[in-house]
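First comes the structure, then the notes that go with it.
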């Protein structure tokens, strides 16, 4: 299966707790978060709404982008989300249509 390096942000709700991650399979990874298997943090704080993502050609660059974003101020992260997703919609159903799980 082809891997598509991706950096993503999950939120518990609008302006809620944020989680940033990187993966090669965004649909599978978000599904795992939703099932409580993605990370202890997302399970504890119920962070499973996919509110932002971006794809990269290189997995190394995706990891670097993830690290940089984690160091951003919260306001910058919120601005990044709202630039493309002002209503904080959950993109999980959308990604499942073009990136089937499995």
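The values are calculated or read from the model by the stated rules, or taken from the named source; none is laboratory data. All values derive from a computational prediction rather than experimental measurement. Using ideal geometry, Cβ is built from the backbone for each residue, glycine included, and neighbour counts are taken over all protein chains shown.
Restricting to the stretch 68-78, give me the number of residues that are farther than 15 Å from residue 21 by Cβ and either assigned to a helix (DSSP H, G or I) or at pLDDT below 95 (or both). So that I can check it myself, show each step before the final result.
The first filter runs over the stretch 68-78 and keeps only residues farther than 15 Å from residue 21 by Cβ, leaving 73-76, 78.
Okay, now just the ones that are also either assigned to a helix (DSSP H, G or I) or at pLDDT below 95 (or both), so 74-76, 78.
Going through the stretch 68-78 one residue at a time, the tally reaches 4.
Would you check which residues across the stretch 79-92 are within 13 Å of the chain's Cα centre (by Cα) and in a helix (DSSP H, G or I) and list them? Before you say what the answer is, go through the steps one by one.
Of all residues in the stretch 79-92, those within 13 Å of the chain's Cα centre (by Cα) come to 80-81, 85, 88-92.
Result: 80, 81, 92.
Report whether or not residue 95 is in contact (Cβ under 8 Å) with a residue 24 or more places away in the chain, surrounded by 13 or more Cβ atoms within 10 Å (Cβ to Cβ) and outside any strand (DSSP E or B). Walk me through it before giving the result.
Details: in contact (Cβ under 8 Å) with a residue 24 or more places away in the chain: yes; surrounded by 13 or more Cβ atoms within 10 Å (Cβ to Cβ): yes; outside any strand (DSSP E or B): yes.
When the stated conditions are applied, residue 95 passes them.
Can we say residue 42 is touching a helix residue (DSSP H, G or I) at 6+ places or on another chain (Cβ under 9 Å) and free of Cβ contacts under 8 Å to residues at least 24 places away in the same chain? It would help to see each step written out before you state the result.
Values: touching a helix residue (DSSP H, G or I) at 6+ places or on another chain (Cβ under 9 Å): yes; free of Cβ contacts under 8 Å to residues at least 24 places away in the same chain: no.
Spelling it out, it is not the case that residue 42 is touching a helix residue (DSSP H, G or I) at 6+ places or on another chain (Cβ under 9 Å) and free of Cβ contacts under 8 Å to residues at least 24 places away in the same chain.
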